[in-house]
Amino acid sequence: MISTVDSLLDAFSYLKIPSETLLTIIIVTSGIIIFTIMAVNTLFAVYFERKVSAFMQDRLGPMEVGIFGFKGGKKFWGGIGQIIADGIKLLTKEDILPNNADKVLMILAPFIIFSGALLTFIGIPLSQNLVVSDFNIGIFYIISMSSVGVIGIILAGWSSNNKWSLYGSMRAAAQIISYEIPIALSLLLVVLVVGSLHLGEIVQWQADNRWFILHSPFSFLAFFIYYISTVAETNRTPFDIPEAESELVAGWMTEYSGFRWSLFFLSEYANILIVSIVASIVFLGGWLSPLHIINVFPESWQLLDGPVLGLFWLFFKAVLLIFVMMWFRWTFPRLRVDQLMYLCWKVFIPFALANLFFVSLWELILK
Amino acid sequence: MEKQLLDKSVIESGEMVLNMGPQHPSTHGVLRLKIHTDGEIVSKIEPIIGYLHRCFEKHCESLPYEQIVPFTDRCDYLASMHMDHAFSITVEKLMDIELPARVEYIRVIVAELQRIASHLIAVGTFGLDVGAITPFTWTLRDRERILDLFETLCGARLLYNYIWPGGLSHDLPPLFIEHTKEFINYFEPKISELNQVLTTNKIFIERSADVGVLPGDVAINYGVTGPSLRGSGINFDLRKNEPYSIYEKFDFEIPVGKGDMGTVGDCWDRYNVRVLEMQESINILRQACSQIPDGDVHEALPKKIRPKIGEVYGRYESARGDVGFYIISNGKNIPLRVKMRSPAFCNLSVLNEISEGWMISDIIANLGSLDIVLGEIDR
């Protein structure tokens, strides 16, 4: 796999630009592209979420705001302009910093969280050869970068000088750090079987064999441990205790408004996309077409592969997983803090560890 | 405020006082709770009330009886019909008014519809308190039907001013009984839908079973009434124990908490009693709708309400519990004194008792399961 930055460097090398300048331009451009992906993802995810929740709750969701000549109303495009209106509303809101807040940390916190999400995207391949930087330690990088955000959450909760925020951030820190363990353990299982941390190689392994979710009973279980843990990692219902709106008002985001708050929002939905993409890549064959599930027709499946279709398949799988997350959110009540910790430490981690052990035996015996 | 560097000598660990409300999403109005916490564990709760105090009782001392009814509407704004009904039967008791049968039937029909509407809010917001958002919108959707019915009845959706001392403001509109029957047929399956998505949900049971256990004797000592008392396994309902209006004519059960999912008197029991009561209200409605006689609803309406000198206490089973009105009359058209016994006030007083040692999340669940309305507590 070749990273996008490298291929662009090669492509533009005939220009008489110093290589440092060219590198800077390319890196800045890819940063902007990633930011755009995050922003667009948030806009559409919010619209999607509002529509999904509306249909589950016997409502219509946003229906009034039209866009580009599409009028709002009971048509397919009902309320599509809401995504733009939402963005404008957030950016023009009054920006409030409480008097007794620690202003420096409070301003810093959203950017830390945001950069965590932004940096994670660098290592994520969106299709074959479509990755900003092709790490050979891909999974490790993604796990570590997605934990950066928790620093921002603690800072946000502490600097707001609000007891609700503090509760929210303490809960968030405990929860996110705990749930990283089952996530890492279930990804480790994949690494153990494939023998590589490189996401491209993991997908290649699935192209050669079968989707990882169907590789063995243990990887099947690992997928669910991973998926449920990521729901907790992204603070979504039934694990949304850090921002439990009926208990903690808005948790660690209580004192934030306007642009700073929209940065939280952006990173939250970016994280959802990231974990769904990682789940698709690692367990569901990434950019491979669904024909690869068990690899029965080795000749025909190649028709549906390729960089562009790969992008489609990856996002198709990711959006499906995101939809299931939304389904959770609008169906389940919320767990309590101790029940959440119980689930992590006494259910997921022992199962994930046992999983790891048994998959090693499985590999040992079958090979 | 000046910024001070942290002085190590003043750092101490201890209880933190957390102020919940009056602006808080789940204090069910403008209730303020002072919560003493150690981390997430709550050691003491002080409810602070009075943010919605509107001098109801004092107002009553300067208003004719007819004009008090709009004020009773505003006491328990989720069950206005019950408040009007309670006040009206008290005044009627004072004046010895015999009501036509049709009035009594209409009153029972609207009261039971109101009970369903109020319990829908209680059940939905309890779901909301433990984090389930969808059941809340479902219950609001069904409550909307009842409010539509009431709108055809008296033009208002929340504060009806429909039940007057001595009768009703209007007779039923045409087709009201048919629409009520339609609503019942629509609503009955929705209860099992609610049970599927919320009542029997594993996470919901985890959150509410064994939480905030209110033993029966403690409930009686605190004066807890209504579904909260019956959730503790005490079979006490004024509709059966001290029947008013025409409730003795109907065949219905009083559901009590049995501790199906945990201990008797936990949040789940209090919640489930409300769900079961909606079913019983439907049974009453079925019977009332089929038996309702014809007649003139204004027959017994007095021209002027001027009770003889004396005092009276009337009790009524509202959606929240035992509402009492104590009225002293000095023979004028204005009462000398009106005192209201507020069931939600007594129910709220038990919150500290059942919440001690639980977590902040459970406080919210306990409060939600008691189903308070601040309009009634503060009056």
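The values are calculated or read from the model by the stated rules, or taken from the named source; none is laboratory data. In this text, all values refer to a predicted model and were calculated from it rather than measured experimentally. Using ideal geometry, Cβ is built from the backbone for each residue, glycine included, and neighbour counts are taken over all protein chains shown.
Could you say whether any residue in region A:215-233 is surrounded by 21 or more Cβ atoms within 10 Å (Cβ to Cβ) and either free of Cβ contacts under 8 Å to residues at least 24 places away in the same chain or not assigned by TED's automatic domain parsing to the domain that holds A:GLN339 (or both)? Scanning region A:215-233, I find at least one residue that is surrounded by 21 or more Cβ atoms within 10 Å (Cβ to Cβ) and either free of Cβ contacts under 8 Å to residues at least 24 places away in the same chain or not assigned by TED's automatic domain parsing to the domain that holds A:GLN339 (or both), so the answer is yes. Restricting attention to region B:111-139, the residues that are of a type in the set (Phe, Trp, Tyr) and touching a Phe, Trp or Tyr at 6+ places or on another chain (Cβ under 6 Å) total 1.
Report the residue count in region B:132-151 for those that are of a type outside the set (D, E, K, R) and touching an Asp or Glu at 6+ places or on another chain (Cβ under 7 Å). Walk me through it before giving the result.
Looking only at region B:132-151, we keep the residues that are of a type outside the set (D, E, K, R), and these are B:132-140, B:146-147, B:149-150.
Still in the list and also touching an Asp or Glu at 6+ places or on another chain (Cβ under 7 Å): B:137-138.
Residues meeting the conditions: 2.
How about region B:257-308: which of its residues are touching a residue at least 40 places away in the same chain (Cβ under 8 Å), of a type in the set (Gly, Ala, Ser) and more than 22 Å from B:ARG115 (Cβ to Cβ)? Selection gives B:GLY262, B:GLY295, B:ALA300. Of all the numbered requirements in (1) on the phi > 0 side of the Ramachandran plot; (2) in contact with a His (Cβ under 8 Å, 6 or more places away or on another chain); (3) away from every other protein chain (no Cβ under 14 Å), A:TRP211 misses one, and that requirement is (1).
In the condition set (1) away from every other protein chain (no Cβ under 14 Å); (2) among the charged types (D, E, K, R); (3) touching a residue at least 24 places away in the same chain (Cβ under 8 Å), B:ASP96 is compliant with all but (3).
Among all positions in region B:192-205, there is at least one residue which is in contact with a helix residue (DSSP H, G or I) (Cβ under 9 Å, 6 or more places away or on another chain) and farther than 30 Å from A:MET341 by Cα. B:GLU206 satisfies every condition listed in (1) within 30 Å of B:CYS346 (Cβ to Cβ); (2) under 24 Å from the mean Cα position of the chain (by Cα) except (2).
In the list A:ALA156, A:ALA173, A:ALA184, which residue meets the criterion of being surrounded by fewer than 23 Cβ atoms within 10 Å (Cβ to Cβ), more than 16 Å from the chain's Cα centre (by Cα) and not basic (Lys, Arg)?
Numbers: A:ALA156 fails: surrounded by fewer than 23 Cβ atoms within 10 Å (Cβ to Cβ); A:ALA184 fails: more than 16 Å from the chain's Cα centre (by Cα).
Within the list A:ALA156, A:ALA173, A:ALA184, the selection yields A:ALA173.
For region A:240-258, the tally of residues that are among the charged types (D, E, K, R) and away from chain B (no Cβ under 13 Å) stands at 1. So for region A:231-239 (the condition being more than 14 Å from chain B (Cβ to nearest Cβ) and touching a helix residue (DSSP H, G or I) at 6+ places or on another chain (Cβ under 8 Å)), does at least one residue qualify? Yes; the residues of region A:231-239 include at least one that is more than 14 Å from chain B (Cβ to nearest Cβ) and touching a helix residue (DSSP H, G or I) at 6+ places or on another chain (Cβ under 8 Å).
Restricting to region B:166-192, name every residue that is of a type outside the set (D, E, K, R) and in a loop (DSSP other than H, G, I, E, B). Let's see the steps before the verdict.
Here is the first cut: in region B:166-192, the ones of a type outside the set (D, E, K, R) are B:166-170, B:172-177, B:179-180, B:183-187, B:189, B:191-192.
Hits for region B:166-192 are B:GLY166, B:SER169, B:HIS170, B:LEU172, B:PRO173, B:PRO174, B:LEU175.
For A:GLY61, the conditions (1) within 14 Å of chain B (Cβ to nearest Cβ); (2) more than 23 Å from the chain's Cα centre (by Cα); (3) at pLDDT 80 or above are fulfilled apart from (3).
Within region A:18-36, if we keep just the residues that are surrounded by 15 or more Cβ atoms within 10 Å (Cβ to Cβ) and over 17 Å from A:ASP134 (Cα atoms), the residue that is modelled with the lowest pLDDT turns out to be A:LEU22.
Candidates in region B:22-49 are the residues that are out of contact with any helix residue (DSSP H, G or I) (no Cβ under 8 Å at 6 or more places or on another chain) and within 17 Å of B:SER355 (Cα to Cα); of these, the one that is modelled with the lowest pLDDT is B:GLY39.
Among the residues that make up region A:319-333, is at least one of them farther than 19 Å from A:GLU233 by Cβ and outside any loop (DSSP other than H, G, I, E, B)? Within region A:319-333, not a single residue is farther than 19 Å from A:GLU233 by Cβ and outside any loop (DSSP other than H, G, I, E, B). Restricting attention to region B:286-318, and to residues there that are hydrophobic (A, V, I, L, M, F, W, C) and touching a Leu at 6+ places or on another chain (Cβ under 7 Å), which single residue is modelled with the highest pLDDT? Restricting to residues being hydrophobic (A, V, I, L, M, F, W, C) and touching a Leu at 6+ places or on another chain (Cβ under 7 Å), the top hit is B:VAL312.
Within region A:265-291, being within 30 Å of A:ILE107 (Cβ to Cβ) and either charged (D, E, K, R) or at pLDDT below 85 (or both) holds for A:PHE265, A:GLU268. Just to be sure I understand, how many residues within region B:128-144 are more than 7 Å from every other protein chain (Cβ to nearest Cβ) and surrounded by 21 or more Cβ atoms within 10 Å (Cβ to Cβ)? The qualifying residues number 3.
Here's the yes/no breakdown for (1) modelled with pLDDT under 85; (2) assigned to a loop (DSSP other than H, G, I, E, B); (3) more than 14 Å from chain B (Cβ to nearest Cβ); (4) farther than 30 Å from A:VAL308 by Cβ:
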site: A:GLY87; (1), (2), (3), (4): yes, no, yes, no
site: A:LEU90; (1), (2), (3), (4): yes, no, yes, yes
site: A:ASN100; (1), (2), (3), (4): yes, yes, no, yes
site: A:LEU118; (1), (2), (3), (4): no, no, yes, no
site: A:ILE139; (1), (2), (3), (4): no, no, yes, no
site: A:ILE142; (1), (2), (3), (4): no, no, yes, no
site: A:ILE151; (1), (2), (3), (4): no, no, yes, yes
site: A:LEU166; (1), (2), (3), (4): no, no, no, yes
site: A:ARG171; (1), (2), (3), (4): no, no, no, yes
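Summed over region B:15-52, the residues that are within 13 Å of chain A (Cβ to nearest Cβ) and among the aromatic types (Phe, Trp, Tyr) give a count of 0. Residues that are within 14 Å of another protein chain (Cβ to nearest Cβ), part of a loop (DSSP other than H, G, I, E, B) and touching a residue at least 24 places away in the same chain (Cβ under 8 Å) within region B:193-242 comprise B:ASN201, B:ALA209, B:ASP210, B:VAL211, B:GLY212, listed in sequence order.
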